[in-house]
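The values are calculated or read from the model by the stated rules, or taken from the named source; none is laboratory data. In this text, all values refer to a predicted model and were calculated from it rather than measured experimentally. Note: ideal-geometry Cβ built from the backbone for every residue, glycine included; neighbour counts use all protein chains shown.
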């Protein structure tokens with residue numbers, strides 16, 4: 001991801017570009033009105049990318065203190081009050097938690113630091129704000145030394161990390177892996193002999209300060225880690241003679257780049273590119289509050305998110321279209337395969353027809369004869385279904401005993417065609433399907449059964465016998481296309497007919513016979 005980095009010292013601001021894990025120096029701008037005007041002209045035409053400001057100045061103060069162990073909003077309010085007491089005149093301040101006391105109230109231990117000359121960074125930030133630069137964070141090089149210390153795995157104990165920066169010699173003291181303070185000694189002449197002299201004098205002053213302020217216990221050896229390019233380390237070798245109080249560990253920039261894996265940069269310069277590459281390749285929260293400047297970076301994030309969503313939608317559309325195209329080709333291949341199979345089938349059919357013996361009847365006529373035979377089979381009246389239906393009803397009326405069945409297929413009535421004046425006009429000729437009767441074929445016929453039976457057992461109760469016969473006829477009539485009619489009742493009650501039986505009489509030789517005509521319409 002492309003980024004933009006600015007390195008601010010007391011003398012100048014240097015712009016760098018980060019792209020493809022490679023750091024490139026763009027230009028430098030003096031700390032005056034002309035330099036800020038030139039920066040504004042550059043930013044006016046520069047691409048809007050995430051930007052970082054790394055500050056390496058003399059005016060930075062460090063204080064260590066403790067605070068009650070609280071969390072959440074109470075902790076934020078407590079630290080804000082503490083920072084306001086220590087650094088009232090600058091907004092560029094921060095508190096870093098460095099553990100807790102092991103005894104007493106077990107208070108939290110903090111390192112408070114701030115840029116005590118706020119006008120220097122503010123003058124450059126106003127230019128960036130005017131050009132709507134999407135600033136990710138404002139960083140202190142001294143605080144970033146903690147990340148450098150951890151990445152290089154310099155261990156615990158008393159460690160003094162000395163780095164040769166374009167602004168001078170940066171000395172950061174670490175005790176048990178935590179930053180205690182940092183100081184910058186400006187250098188106006190970076191010649192190897194002047195660098196060696198400044199290194200010897202300034203490290204001695206720092207060790208004396210640590211001893212006087214009781215940061216370093218008596219008899220404890222200090223490890224001085226020197227970070228510089230190889231030719232400067234050669235010039236400093238004469239001043240790195242270890243003893244019981246101090247030991248030295250030189251690290252050249254090429255070695256540090258290999259350990260940190262921080263990307264490509266110019267190792268012939270001071271340690272500025274190394275620190276900037278570490279910042280660009282690592283996600284680090286802003287050391288100092290951005291306030292109004294964070295708005296432009298939030299807008300950039302929203303724009304990049306929309307670009308990402310648009311790209312995802314476009315990619316999904318392309319994938320969808322590719323799948324559709326693939327489906328189309330698959331369907332065309334399937335269509336071609338089916339056409340080939342149809343052609344092969346037609347060819348086989350023609351070959352079979354060609355090899356068939358010559359007959360006086362055409363295949364078309366033979367097909368018609370087969371279809372007519374099937375029609376005849378379908379129209380032949382068979383009593384199977386009707387007998388099954390009759391048996392199902394008889395199972396529900398056990399007192400009825402069948403004595404005789406006469407089945408007959410009734411010829412259909414003469415077909416009469418009536419024209420409906422409201423009927424729609426006839427369709428095409430090929431859609432017309434005439435009934436078989438018009439073709440001279442026998443139509444499906446109605447079937448009749450004359451059922452003769454009696455009520456068994458019968459004890460002379462003719463009313464019960466008549467009810468059983470009526471219920472039998474009613475259940476048959478419930479079936480679709482069935483009509484059952486009682487032609488002879490167990491007791492003939494028609495007017496003019498002489499009654500020869502007595503209702504309710506106990507007559508062991510009496511019979512209750514009846515006759516039922518059942519018609520099934522096709």
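Tell me which residues, restricted to the range 2-16, are assigned to a strand (DSSP E or B) and closer than 17 Å to residue 186 by Cα. Passing the criteria: 7, 8, 12, 13, 14.
Which of the following residues is buried (at least 16 other Cβ atoms within 10 Å of the Cβ) and either touching a helix residue (DSSP H, G or I) at 6+ places or on another chain (Cβ under 6 Å) or at pLDDT below 85 (or both): 460, 481? Can you show your working first?
Working: 481 fails: buried (at least 16 other Cβ atoms within 10 Å of the Cβ).
That would be 460, the only listed residue that is buried (at least 16 other Cβ atoms within 10 Å of the Cβ) and either touching a helix residue (DSSP H, G or I) at 6+ places or on another chain (Cβ under 6 Å) or at pLDDT below 85 (or both).
Of the residues making up the range 146-174, those that are crowded, with 22+ Cβ neighbours inside 10 Å and either outside any strand (DSSP E or B) or not assigned by TED's automatic domain parsing to the domain that holds residue 35 (or both) are 148, 167. All of (1) within 25 Å of residue 129 (Cα to Cα); (2) not assigned by TED's automatic domain parsing to the domain that holds residue 178 hold for residue 71 with one exception: (1).
For the range 185-193, does any single residue satisfy the condition of being in contact with a strand residue (DSSP E or B) (Cβ under 6 Å, 6 or more places away or on another chain) and within 24 Å of residue 245 (Cα to Cα)? Walk me through it before giving the result.
The first filter runs over the range 185-193 and keeps only residues in contact with a strand residue (DSSP E or B) (Cβ under 6 Å, 6 or more places away or on another chain), leaving 185-187.
From the residues that got through so far, the ones that are within 24 Å of residue 245 (Cα to Cα) too are 185.
Looking through the range 185-193, at least one residue is in contact with a strand residue (DSSP E or B) (Cβ under 6 Å, 6 or more places away or on another chain) and within 24 Å of residue 245 (Cα to Cα).
Among the residues of the range 215-246, those identified as under 17 Å from residue 179 (Cβ atoms) and modelled with pLDDT under 90 are 215, 216.
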